[in-house]
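Enquirer: Take a look at the following structure, please.
Values in this text are rule-based calculations from the coordinates and carry no lab data. Since we're looking at a predicted model, the values are computed, not measured. A quick note on method: Cβ atoms are made from the backbone with ideal geometry, for glycine too, and the neighbour counts reach across all protein chains shown.
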Amino acid sequence: MPIARPDSRVYRGIAWLVRHLMFAVSKPEWTGTEHLPHGKGFIAAANHATELDALTFAHFLYDQGFEPRILAKRGLFTTPVIGALLRATRMIPVDRGTAEAGRSLDAARVELEGGACVAIFPEGTITRDPDLWPMTGKTGLARMALATRRPVLPVAQWGAGDILGRYARLLKPFPRKRVQVRVGPPVELSDLYDAPHDAAALREATERVMDAITRELEVLRGEPAPAHRFDLRKHPEYSKKQTVYPPVERP
């Protein structure tokens, strides 16, 4: 599969830098690519265990021929350099916890209807699970998937943490690390399309997606995930900026 060829010169330039960086510090192993749909918009949903995940996620999708539109928090779009790059590459700002959150869904809908790949981390932030398993997801992805009826592809990533650990500030680029990305079949959500999109339906859709991502991650890690998913909502201390890692033990 040839890599993507965006019209935007800025996008092509950033992609060139990212690809060369990732190939320099990692040895990618990509599986399940046969599940990726071509010729129509879809949502790629991945786990999030380190700050480097956005690059490994984008690198994988780009080299499969897609020009991903990644959902990123609104604050990044207001920074002088990063913000300009995000806008130039048509990434989608997310207004977390505000009345404007619906704008993200509208922007994603436009991209999906135009045939784009919209990439998202359903957890909304880096996992606080003690063993780096996916934690409970937020319902933004479910709202997007049920409203647009576009396929959701579960993507598991593992290995990027060996280059940059969770909340670490020091890269360990050498020797090159094995970084795995695995895609599963589309998550079955069609039975929820015509049902009321209430809290129960959104939570059910979210859990199905997180379950699918976790199953693919179990394959990469070669071990079973915990029986109970870490739920950040049960630990309100994490909403405070002064919170210090590591988290409390798994519930």
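Enquirer: Please state the shape class of region 1-93: rounded when a/c is under 1.5, otherwise prolate if a/b exceeds b/c and oblate if not, all from the C-alpha gyration tensor.
Expert: It is rounded, given that a/c, with a ≥ b ≥ c, falls under 1.5.
Enquirer: I want the antiparallel fraction of DSSP beta bridges within region 14-234, as a percent rounded to 5. Display every interim value, and only then the final one.
Expert: Numbers: 4 of 23 bridges.
Of all bridge pairs located within region 14-234, approximately 15 percent are antiparallel.
Enquirer: Could you tell me which chymotrypsin sites (Phe, Trp or Tyr not before Pro) in region 160-242 are loop residues by DSSP with no more than 11 other beta carbons within 10 angstrom of their beta carbon? Please report the intermediate quantities before stating the final value.
Expert: Numbers: sites: Tyr167, Tyr193, Phe230, Tyr238; in loops: Tyr167, Tyr193, Phe230.
Within region 160-242, the qualifying chymotrypsin sites (Phe, Trp or Tyr not before Pro) (loop, at most 11 other Cβ atoms within 10 Å) are Tyr167.
Enquirer: Roughly what would the spin-label model give for Arg178 and Tyr193, points 7 Å off Cα along C-beta, in nm?
Expert: Here the modelled spin labels are 4.0 nm apart.
Enquirer: Among rounded, prolate and oblate, which fits the chain when a ≥ b ≥ c are the square roots of the eigenvalues of its C-alpha gyration tensor, a/c under 1.5 means rounded, and a/b larger than b/c means prolate?
Expert: Rounded, because the longest to shortest axis ratio a/c is under 1.5.
Enquirer: List the GluC sites (Glu not before Pro) within region 25-125 that fall in a DSSP loop (any state other than H, G, I, E or B) and whose Cβ has at most 16 other Cβ atoms within 10 Å.
Expert: The qualifying sites are Glu51.
Enquirer: Could you calculate the FRET efficiency of Arg109 with His235 from 1/(1 + (r/R0)^6), where r is the beta carbon distance between them and R0 is 41 Å, rounded to 0.05? Spell out each step's value before the answer.
Expert: Working: r = 33 Å, r/R0 = 0.79.
The computed FRET efficiency comes out at 0.80.
Enquirer: Sticking with this one: What is the dipole size for region 14-234, taken about its Cα centre, with +1 at each Lys and Arg Cβ and -1 at each Asp and Glu Cβ, in debye to the nearest 20?
Expert: It comes to approximately 760 debye.
Enquirer: Of the lysine pairs in region 14-234, how many meet both conditions: Cα atoms under 19 Å apart, and a spacing of 8 or more in sequence or different chains?
Expert: So the count works out to 4.
Enquirer: Right, next: Mind sorting Arg233, Arg12, Arg166 by how few other Cβ atoms lie within 10 Å of their own Cβ, fewest first?
Expert: Arg233, Arg12, Arg166
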